[in-house]
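For reference, the structure is listed below as structure tokens.
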Amino acid sequence: MSWTAANPVQRMSLQDVAPRTYASLARFSDGAREPLPEGLAALIDIRVSQLNGCAYCLEMHYPQARAAGVDQRQLDTLPAWRDSPLFAPDERAALALAEAVTQLGPDGVPDDVWSQAASSFDDAALAAIVLTTIAMNAWNRVAISTHMAAQLASA
């Protein structure tokens, strides 16, 4: 049986098949976020997951973002953050960097995107943005490739 939106069948559980490696990814992901504020890390997780089309991760991270105090209006307008007045300059710089790392082109991360983020964050926070983005991209690929199904709450 294959995956469809109406019949999501998970291909395999990497957590069951490769528990040590899966746990290593979880530790990497948890450590990557420090010293970012939880709300900013959540915005990065969600934006990366939107770009990658990962329903599993989106379903997981929206409630986490709300619990971290992210304004619902920011969550609602996150796909159009560049046009929304709801994002502070440092959030914009972090989101631009997360998008550039997620959608690497032939020239990598543009210098202007890096410079803007570097002017908004110290080296530790800048590293955390990059590593949080990398971790979320990895989780998106785990969820998408194995067909992890979002567990949507019934309405």
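Coordinate-derived values only; no laboratory data. Note that the coordinates shown come from a computational prediction; the quantities given were computed from them, not determined experimentally. When we count neighbours, we look across all protein chains shown, and the Cβ atoms used for this are built from the backbone with ideal geometry, even at glycine.
Some points to look at:
- 133, 21 arranged by Cβ crowding within 10 Å, fewest neighbours leading: 21, 133
- Rounded tilt (10° steps) of 55-67 against the dominant C-alpha axis of the chain: 50
- Taking Cα atoms only, the orientation of helix 123-146 departs from the longest principal axis of the chain by about 20 degrees.
- Computed from Cα atoms, the angle from the helix 19-32 axis to the main principal axis of the chain rounds to 20 degrees.
- Mean separation of Cα contacts under 8 Å, 6 or more apart, over the residue count of the chain: relative contact order %: 38
- Choice from 35, 106, 85 with maximal GNM fluctuation in the chain (Cα, 10 Å cutoff): 106
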